[in-house]
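Provided herewith is a single structure, encoded as structure tokens, for subsequent inquiry.
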Amino acid sequence: MSSSEVLNKGLNFTDILCMSVFVSSMQNLRSSKSIHLALSKFKLHYHCQTRSFRTHHHRFSNSNSRIRKPIPYLDEIKRCGDTEEALSIFYQYKEKGFKHDYPSYSALMYKLAKARNFEAVETLLDSLKNYNIRCKETLFIALFQVYCKAKLSCKAIELFRNMTSFNCVRTLQSFNAILNALVDDDCLSDANEIFGESANMGLRLNSVSFNIMMKMWLQKGEWDRAREVFDEMLEREVKPSVVTYNSLIGFLCKRGELDKAKDLVKDMMKKGKRPNAVTYALLMEGLCFVGKFKEAKKLMFDMEYQGCKPRPMNYGVLMTDLGKRGEFDKAKGLLIEMKKRKMRPDVVMFNILINCLCKVGRAAEAYKLLIEMQVGGCEPNAASYRMMVDGFCRAGEFESGVKVLNAMLRSRHFPRPETVVCLFMGLIKSGNLDNACFILEEMLKRKIMIDLKSWEALVVESCGEEMDVNRIMTKILVLN
């Protein structure tokens with residue numbers, strides 16, 4: 001077949017390839033019967049291949065058509081580090097005729113809420129309401145948490161009660177979220193009030209709802225009130241979860257009431273709930289609390305016989321107890337034991353040791369451990385760096401503290417204001433003005449806020465007690 005005939009017949013590359021294979025195979029066949037058999041096989045193979053190719057091509061074409069094109073606005077907002085710039089981008093797109101929808105609003109509002117720019121958040125909430133844009137519950141849940149962390153629980157409650165006006169259905173998920181945010185913000189009366197309104201909202205409480213209320217009373221040391229909530233839970237025929245029992249067991253273990261805690265474990269097992277690694281960790285903490293370390297270690301191995309594998313948290317309980325008693329070599333031995341059992345120590349495990357070493361003035365040793373965890377593929381978190389900086393400050397090794405702070409900032413973690421103040425004052429005392437200025441620049445750049453007393457201490461340390469602190473502080477306040 002000539003090239004023109006191939007083109008006229010419309011054969012593609014796959015057709016030509018199959019035919020070439022068929023012709024080359026026929027050259028080795030002599031009988032007509034063999035040729036006929038080969039031809040039959042070729043036809044079957046060819047039809048299967050072309051059908052498979054066409055089906056695959058059709059699916060590939062369809063999948064490509066379903067891929068959403070990236071929205072430039074969302075990409076810009078996500079990349080933007082400054083909230084003012086993000087707001088500017090939002091209004092620029094609006095002026096160009098871009099119609100902002102829920103993803104547009106939520107992406108910006110998450111960023112603004114995190115920066116605590118609540119005035120801008122409320123302006124955007126009004127826009128959402130005015131344009132009747134359908135919202136998802138997740139946005140409100142995030143706002144509840146941020147409001148309560150900023151001690152604006154009244155705003156969180158108001159938003160929760162007005163959720164339906166934002167074209168959003170209020171479910172048990174948002175109910176539990178506002179309840180938990182209020183409890184974490186220590187707003188007990190507000191949490192109680194919301195909890196009592198569940199029936200009026202048409203919501204049936206679940207174990208999570210009761211667990212939150214139990215947590216509230218246990219944090220206040222009100223065992224009897226927590227038990228009342230537990231009893232109410234049973235009366236309403238809501239099944240307690242393992243988390244429910246763990247909260248009660250944990251409270252009793254912290255008070256050293258191990259017998260009562262063990263009775264609760266038996267009760268949960270009767271009701272078909274198996275203790276998990278957290279349950280055993282709480283019991284181990286209780287044993288360590290009353291000085292029974294050996295029993296706690298034995299319990300960790302016994303739990304395996306009960307069908308529950310130990311987790312890093314169980315080793316963490318033992319490590320914490322050893323660290324408190326200054327037995328650091330034994331604590332490090334637990335890390336080796338974990339590796340032998342093919343269990344990888346996590347950042348929490350390393351942090352326990354780092355914290356214990358820093359508290360007893362062994363910051364240099366803790367720093368070696370920090371490097372060791374990084375070499376082993378475990379990335380430090382914000383707590384790791386904060387403990388290290390605090391440890392070096394406590395040991396008077398301020399230059400080493402600056403090195404750790406630099407690594408911390410490169411990893412996009414931020415120090416506590418009191419850590420920054422301590423480090424700055426230490427550098428001033430040791431005459432390291434360059435690093436002290438660097439610390440101040442980073443404070444301003446990262447918008448790290450410190451209180452008035454801390455500013456006064458910085459001024460006195462920097463300028464001397466003979467300076468008019470009130471006059472300088474007035475100038476600082478005017479500049480801010």
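If you check V404, V389, V375, which single one turns out to be hydrophobic (A, V, I, L, M, F, W, C) and touching a Leu at 6+ places or on another chain (Cβ under 7 Å)?
V389
State yes or no: is K262 closer than 24 Å to R311 by Cα, basic (K, R) and in contact with an Asp or Glu (Cβ under 9 Å, 6 or more places away or on another chain)? Can you show your working first?
Numbers: closer than 24 Å to R311 by Cα: yes; basic (K, R): yes; in contact with an Asp or Glu (Cβ under 9 Å, 6 or more places away or on another chain): no.
When the stated conditions are applied, K262 does not pass them.
Return only the number of the condition from (1) more than 16 Å from K215 (Cβ to Cβ); (2) exposed (fewer than 15 other Cβ atoms within 10 Å of the Cβ) that K262 does not satisfy.
If we test K262 against (1) more than 16 Å from K215 (Cβ to Cβ); (2) exposed (fewer than 15 other Cβ atoms within 10 Å of the Cβ), just (2) comes out false.
Sticking with this one: Here is a list: E456, E441, E418. Which entry is surrounded by 11 or more Cβ atoms within 10 Å (Cβ to Cβ), modelled with pLDDT of 80 or more and out of contact with any Gly (no Cβ under 6 Å at 6 or more places or on another chain)?
E418
Which members of region 293-332 meet the condition of being at pLDDT 90 or above, more than 30 Å from the chain's Cα centre (by Cα), closer than 21 Å to L357 by Cβ and in a helix (DSSP H, G or I)?
If the condition is that a residue be at pLDDT 90 or above, more than 30 Å from the chain's Cα centre (by Cα), closer than 21 Å to L357 by Cβ and in a helix (DSSP H, G or I), then F293, K330 are the ones that fit.
Let me ask another. Sort out which residues of region 357-399 are part of a loop (DSSP other than H, G, I, E, B) and of a type in the set (A, V, I, L, M), and write them in order of number.
V360, A395
Moving to a separate point now. For I133, only one of the following conditions fails: (1) of a type in the set (A, V, I, L, M); (2) surrounded by 14 or more Cβ atoms within 10 Å (Cβ to Cβ); (3) under 23 Å from M216 (Cα atoms). What is its number?
(3)
Moving to a separate point now. Would you kindly identify the helices (runs of 4 or more DSSP H) lying entirely within region 130-208 that contain at least 1 residues that are in contact with a helix residue (DSSP H, G or I) (Cβ under 8 Å, 6 or more places away or on another chain) and among the acidic types (D, E)? Walk me through how you get there before you give the answer.
On the way: elements: 137-149, 153-161, 172-184, 188-196.
Where helices (runs of 4 or more DSSP H) fall fully within region 130-208 and carry at least 1 residues being in contact with a helix residue (DSSP H, G or I) (Cβ under 8 Å, 6 or more places away or on another chain) and among the acidic types (D, E), they are 137-149, 172-184, 188-196.
The values are calculated or read from the model by the stated rules, or taken from the named source; none is laboratory data. Given the structure is predicted, the values throughout are model-derived calculations rather than measurements. No Cβ is skipped: glycine too gets one built from the backbone with ideal geometry, and neighbour counts run over all protein chains shown.
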